[in-house]
Structure formats: C-alpha cells, structure tokens
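S.K.: The structure is given below, and queries will be raised subsequently.
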Amino acid sequence: MKLLVTNDDGIDSPFFHVLVHALKAAGHALSVVAPLTEQSWTGAAKTRHRHVQSAPADRGFGCPTWTVDGTPSDCVNIAIAHLLPARPDAVVSGINVGFNCTLGFIIASGTVSAALEGTLHGLPAIAFSQDVPETIYYDLKDHGAQPNTELTATLQHSATHAARLVAEFIPSTPPRSFIVHNVNFPYPCRPDTALRRTVPAHFFVPGLFTPPDAHGRHKLIWCDGEDVSPPEPLTDLKCVESDWISHTVLDYRRLGH
C-alpha cells in the first residue's frame, strides 16, 4: 500500500524511526511527512497565524521525506494537497512516546489527530502509541535519553505488530468512513502479546498546569487523574495495564448518537 507516515513527537523521534523501518520492511511504499519539532498535546490544531514551512529531509528512510514546521494536522493536510506525488491509500501515525488511552488523552493527542486528519481526506487511518514507565517517559522527553535495551526490544516488537495490523485494518476499513484505529502497545510488548478490542476509558484529567510563578507563567505537568469507567466493556487503559495491545475503533460518525 501507499502510506503517508507521520507523528507528533517530531521527525527525529526514535519511536517514529522504528515504525517507518518496519513498514518499509513489510513492503509498503512510504511517504514521510513529519513535524520538524515535537508537537505533542496539540490535538487537531492547525497553524493559522503564520506561514508554515515544508522542506525535503533525509533521515535515511529510503523514501520521499519532508519536514513541516507545524502541527501533525498541518503535516497531513499539506502532504496530501501539495507534497505527495500520488494520493496515499492510508495515513499511519506514530509510534507515539507514551500511550494515547482514555478520552482525555485521545482528544488532546497530536498522534491521533494526525490520523483523524487523514479521515477528513476520506482515507483509512491508524494511530500507534507505546506505553512507557513514567521515569523512562521523562528521561526521553525532558533529558533527551535514548531507548535502553529493554525499550528498544519492546519498540521492535511493537513496530512488527504495527506493520501486521496495518495490513489487517486498512483493507477492511471503507474509504470515507471517518474511522481511526487507535492502537496502544503495553510495556513491555512481546511477539506473542495479544490484541484486545477496547473502548476509551472515562478518565478525568484536571489540573494539568502548575500554579503561576512570579511572572504569572504556568507549566504543563502530569497529574493523577480519576478513572470512572464502568467495569465492562474492556477499556483501553485497563487493557494496556493488563499487558495486552489495545485496539479502539474511533468512529467519528457516532458523535452525537
């Protein structure tokens, strides 16, 4: 298949690179258009108040590659309209650093929103995210750490699963269906890790910013939320916590039903 691959952690994310290489090894024809810098938590935002720069890039992928100094949604929109030589068959987004489980995270996620942008162009779309322990997450995000041996193995297994799931989900997803497949991998992920169908957890995430400092500035932080999901059906959060791969079908046509 012809796949447009993007993410929200930026083109230099090692999580992104392992997915690109796995999809390429599976025989897909790839075009890569990813944010120049990290764009986590930007949701479906599009850049309005300045020009957005796209540029060819070489990251050793062996396929047409561009950076865009905007949001994940900018990347997908600009790619399909102006950069790709042909319309792709689907949009694949990820692998995100950290899970995108629960309603609060799904709505805020640039990774999921990049996939949603694909559906707004009538394309099937999949978002992949990798759960990691909190200490590893902050080492990666705040200190520029590289994945350790265990995480590298998990990413390789997750990417192999991702390539297989792309081959399964894309052909079975009708075009113009407004469906995003949201897939979250547990930590660790293994070759035999099972896939479970899930729904988004009902999870409140209040108070994500620090109090104002002396200059009136607030900083985004992580805080403990509250899971108020009913016991059934299985939620994405409980699934990942149980060491299974979570597959949630986000059908945006159902909003309001």
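The values are calculated or read from the model by the stated rules, or taken from the named source; none is laboratory data. The shown structure was predicted, so the numbers you read here are calculated from the model rather than taken from an experiment. Neighbour counts run over all protein chains shown; Cβ positions are idealised from the backbone, glycine included. Areas reflect the complete protein model, heavy atoms only, side chains present, ligands, DNA and RNA absent. Shrake-Rupley method; radii C 1.70, N 1.55, O 1.52, S 1.80 Å.
S.K.: From the set of residues in the range 232-257 that are in a loop (DSSP other than H, G, I, E, B) and at pLDDT 95 or above, which is surrounded by the most Cβ atoms within 10 Å (Cβ to Cβ)?
M.R.: 244
S.K.: A further question on this structure: Name the pairs whose Cβ atoms lie under 7 Å apart, with the first residue in the range 31-54 and farther than 14 Å from residue 7 by Cβ and in contact (Cβ under 8 Å) with a residue 12 or more places away in the chain, the second in a loop (DSSP other than H, G, I, E, B) and open to solvent by 40 Å² or more (accessible area, probe 1.4 Å), and 6 or more positions between them or separate chains?
M.R.: Close Cβ pairs (under 7 Å, with a partner that is in a loop (DSSP other than H, G, I, E, B) and open to solvent by 40 Å² or more (accessible area, probe 1.4 Å)) amount to 52/69; 53/69.
S.K.: Please give the strands (runs of 3 or more DSSP E) falling wholly within the range 99-215 in which 1 or more residues are within 21 Å of residue 244 (Cβ to Cβ) and of a type in the set (Lys, Arg).
M.R.: Once the strands (runs of 3 or more DSSP E) in the range 99-215 are filtered for at least 1 residues that are within 21 Å of residue 244 (Cβ to Cβ) and of a type in the set (Lys, Arg), what remains is 195-198.
S.K.: Also, quick follow-up: Residue under question is residue 89, and the condition is that it be within 29 Å of residue 145 (Cβ to Cβ) and acidic (Asp, Glu); does it hold?
M.R.: On the way: within 29 Å of residue 145 (Cβ to Cβ): no; acidic (Asp, Glu): yes.
It is false that residue 89 is within 29 Å of residue 145 (Cβ to Cβ) and acidic (Asp, Glu).
S.K.: Looking at (1) within 19 Å of residue 20 (Cβ to Cβ); (2) in contact with a Phe, Trp or Tyr (Cβ under 6 Å, 6 or more places away or on another chain), which one does residue 96 not meet, given that it meets all the others?
M.R.: (2)
S.K.: Of everything in the range 199-219, what is open to solvent by 70 Å² or more (accessible area, probe 1.4 Å) and touching a strand residue (DSSP E or B) at 6+ places or on another chain (Cβ under 9 Å)? Give them in sequence order.
M.R.: If the condition is that a residue be open to solvent by 70 Å² or more (accessible area, probe 1.4 Å) and touching a strand residue (DSSP E or B) at 6+ places or on another chain (Cβ under 9 Å), then 202, 204, 206, 209, 218, 219 are the ones that fit.
S.K.: Could you identify the single residue in 154, 111 that is surrounded by 17 or more Cβ atoms within 10 Å (Cβ to Cβ) and either in contact (Cβ under 8 Å) with a residue 40 or more places away in the chain or closer than 16 Å to residue 40 by Cβ (or both)?
M.R.: Working: 154 fails: either in contact (Cβ under 8 Å) with a residue 40 or more places away in the chain or closer than 16 Å to residue 40 by Cβ (or both).
111 is the lone residue from the list that is surrounded by 17 or more Cβ atoms within 10 Å (Cβ to Cβ) and either in contact (Cβ under 8 Å) with a residue 40 or more places away in the chain or closer than 16 Å to residue 40 by Cβ (or both).
S.K.: Counting only residues that are out of contact with any Gly (no Cβ under 7 Å at 6 or more places or on another chain), open to solvent by 70 Å² or more (accessible area, probe 1.4 Å) and of a type outside the set (Asp, Glu), how many does the range 157-186 have?
M.R.: Counting residues in the range 157-186 that are out of contact with any Gly (no Cβ under 7 Å at 6 or more places or on another chain), open to solvent by 70 Å² or more (accessible area, probe 1.4 Å) and of a type outside the set (Asp, Glu) gives 6.
S.K.: While we're here: Which ones in the range 26-52 are small (Gly, Ala, Ser) and open to solvent by less than 40 Å² (accessible area, probe 1.4 Å)? Spell out the reasoning first.
M.R.: First pass over the range 26-52, keeping only residues small (Gly, Ala, Ser): 26-27, 29, 31, 34, 40, 43-45.
Once the filter is applied, which keeps residues that are small (Gly, Ala, Ser) and open to solvent by less than 40 Å² (accessible area, probe 1.4 Å), the range 26-52 yields 31, 34, 40, 43.
S.K.: Scan (1) open to solvent by 90 Å² or more (accessible area, probe 1.4 Å); (2) of a type in the set (D, E, K, R); (3) farther than 20 Å from residue 109 by Cα; (4) without any contact (Cβ under 8 Å) to a residue 24 or more places away in the chain for the single condition residue 190 breaks and write down its number.
M.R.: The single condition residue 190 does not satisfy is (4).
S.K.: Looking at the range 1-17, which of the residues that are touching a helix residue (DSSP H, G or I) at 6+ places or on another chain (Cβ under 8 Å), in contact (Cβ under 8 Å) with a residue 40 or more places away in the chain and surrounded by fewer than 22 Cβ atoms within 10 Å (Cβ to Cβ) is nearest to residue 97 (Cα to Cα)?
M.R.: 14
S.K.: On to the next question. Of (1) of a type outside the set (Val, Ile, Thr); (2) in a loop (DSSP other than H, G, I, E, B); (3) open to solvent by 10 Å² or more (accessible area, probe 1.4 Å); (4) in contact with a strand residue (DSSP E or B) (Cβ under 6 Å, 6 or more places away or on another chain), residue 55 satisfies all except one. Which?
M.R.: Evaluating residue 55 over (1) of a type outside the set (Val, Ile, Thr); (2) in a loop (DSSP other than H, G, I, E, B); (3) open to solvent by 10 Å² or more (accessible area, probe 1.4 Å); (4) in contact with a strand residue (DSSP E or B) (Cβ under 6 Å, 6 or more places away or on another chain) leaves (2) as the failure.
S.K.: Every residue in the range 118-151 that is open to solvent by less than 10 Å² (accessible area, probe 1.4 Å) and under 17 Å from residue 10 (Cα atoms), please.
M.R.: Matches in the range 118-151: 127, 128, 129, 130.
S.K.: Quick check on my filter: what residues within the range 76-108 are open to solvent by 10 Å² or more (accessible area, probe 1.4 Å), under 24 Å from residue 136 (Cβ atoms) and hydrophobic (A, V, I, L, M, F, W, C)?
M.R.: Residues satisfying the conditions are 97, 99, 105, 106, 108.
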